[in-house]
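Structure, as structure tokens:
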Amino acid sequence: MKKIAILGSTGSIGTQTLEVVEHNQDIQVTALAAGSNILLLEQQIRKFHPSLVCVWDEKKAGELKTMISDLDVKVTSGMEGLLEVATEPQAEIVVTAIVGMIGIRPTIAAMNAGKDIALANKETLVTAGHIIMPLAKEKQVRILPVDSEHSAIFQSLNGEDSRAIHKILLTASGGPFRGWTRERLAGVQVEDALKHPNWAMGRKITIDSSTMVNKGLEVMEARWLFGVEMDQVQVVVQPQSVIHSMVEFEDGAVIAQLGTPDMKLPIQYALYYPERKYLPGERLDFAKLGQITFEAPDMEVFRGLKLAYDAGRTGGTLPTVYNAANEYAVGRFLKKEIPYLTIIDMIEGAMEHHKVVSNPGVEEILAAEQETYDYIESRW
């Protein structure tokens, strides 16, 4: 029986992870953490019987205690609770599916406790990859990517020598606004940006996909996960979302992982690696598919992707500023407080203002995050 803890159990990745658990029946959930959705969390607790749960919101944690007073479950809250879930003694794998930089400390704590990481919190590597990857090696724990693109690269490298990588071909759907001009993007509303053509995802990541900032974050994440330089990661727009990513090797061979757009595949692969298990669902029908097309991304219209390469090449605290400015801007856009194009303007402004700290520790990373929020609030 494999034992796991899930950070972010009520979000898109968390709920799909629990669907995988329910289907397979040989995984025990020992601990769960959520933000504030205690109604769904209560359902999860009653179905999967964890011994420990965390609710980020302290008031909601108190309400949950009352709701599950008939059960023998410990309820915690805040960062202290997240750290407790991440280091829950029984868990072998921690699924890090929370959104944002609050994932850094729990991920480090889990690794220090000897846990393997099923990584769905991209901010951890974007902002602290220089800390996380050496720590994984030191503690001899595995980082198993859950992102569909990074899982595809991981699968394509299975049995290969990673030193023979020439470049990584990171695919992108192009989002709902592929082919649009900057002028047309100026009128985008929240409802428009939340209509992704292929994937069902959380609100924040769906907005990030529409701006291609998500792809920029994935480029920085891939750089750390697979030990390559930023310019060895090439983004290729593949609108059908059938090829999830590819690796080109030194001899010119290209290996790709293909499949239907279903996040349960990379989740299950991470949980059972290196074993493959049956997964119900739709299969690719190549005759019906007919064709797979490719385009280069438009980095002038989708400047968020270009800024990601700038941040990743510079390194230090600049990727943190890129990520933090985007988190803040997307939050404001989802509340309909700023226009769509202002998201990228905020990122660019924060990056230009920032004085980069090289090789930052966790405290300096978190300080750069707060400084970014303070700067944007003072300007917009």
Going by amide H atoms built from the backbone, whose H comes under 5 Å of the H on Leu32, apart from near neighbours? Ile6, Leu52, Val53, Cys54
Packing-wise, with mean Cβ within 10 Å as the measure, how do 127-140, 3-16 rank, highest first? 3-16, 127-140
Pull up the DSSP beta bridges for the chain and report the antiparallel fraction as a percent, rounded to 5. 25 percent
Which cross-chain or sequence-distant (5 or more) residues have an amide H under 5 Å from the amide H of Leu144, H modelled 1.01 Å from N in plane? Ile117, Ala118, Leu119
Tell me the accessible surface of Phe226 in square angstrom (1.4 angstrom probe, heavy atoms of protein chains only), to the nearest ten. 20 Å²
Taking just the alpha-carbon atoms of the range 1-128, what radius of gyration and Dmax come out, in angstrom? 13.1, 41
Taking the alpha-carbon centroid of each part, what is the distance from the range 305-356 to the range 141-169 in angstrom? 27 Å
Along the Cα→Cβ direction, 7 angstrom out, place labels at Thr342 and Val236. What is the inter-label distance in nm? 3.8 nm
Radius ratio Rg over Rh of the range 74-191, counting only Cα atoms, Kirkwood formula for Rh: 1.08
May I ask which residue of Asn198, Ser209, Leu125 lies farthest towards the positive end of the charge dipole of the chain, with charges of +1 (Lys, Arg) and -1 (Asp, Glu) on Cβ and the Cα centre as origin? Asn198
Counting pairs of alpha carbon atoms under 8 Å apart in space and at least six apart in sequence, what relative contact order in percent does the chain give? 14 percent
Counting only residues 5 or more places away or on other chains, whose amide H sits under 5 Å from the amide H of Lys3 once H atoms are built in the peptide plane? Gln28, Glu92, Ile93
Rounded, prolate or oblate: which one fits the range 166-205, using the alpha carbon gyration tensor with axes a ≥ b ≥ c (rounded when a/c is under 1.5, else prolate when a/b beats b/c, else oblate)? oblate
If you build a Gaussian network model of the chain, linking Cα atoms that sit under 10 Å apart, which residue out of Gln43, Gln291, Gln155 swings the most? Gln291
Semi-axes of the equivalent ellipsoid for the range 161-243, Cα gyration tensor, largest first, Å: 27, 12, 12
Accessible area of the range 18-58 divided out per residue, in Å², using a probe of 1.4 angstrom: 45 Å²
Under 17 Å from a point placed 7 Å out from the Cα of Asn198 along the Cα-to-Cβ direction: which residues of the range 250-279 have their backbone N that close? 255-267
From the phi of every residue in the range 90-98, what ³J(HN,Hα) in whole Hz does the Karplus formula 6.51 cos²θ - 1.76 cosθ + 1.60 yield, where θ is phi - 60° and glycine or proline is x? 6, 5, 9, 10, 10, 8, 9, 10, 7
Between the range 358-376 and the range 42-62, the alpha-carbon center distance in angstrom: 31 Å
Which of the three applies to the chain, rounded, prolate or oblate, going by the alpha-carbon gyration tensor with a ≥ b ≥ c and a/c under 1.5 meaning rounded? rounded
Heavy atoms of the protein only, probe of 1.4 Å, neighbouring chains included. What is the accessible area of Val235 in Å², nearest 10? 10 Å²
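The values are calculated or read from the model by the stated rules, or taken from the named source; none is laboratory data. Since we're looking at a predicted model, the values are computed, not measured. Virtual Cβ from ideal backbone geometry, glycine too; neighbours counted across all protein chains shown. For the accessible areas, the whole protein counts, side chains as well, though only heavy atoms, and no ligand, DNA or RNA atoms are used. Shrake-Rupley method; radii C 1.70, N 1.55, O 1.52, S 1.80 Å.
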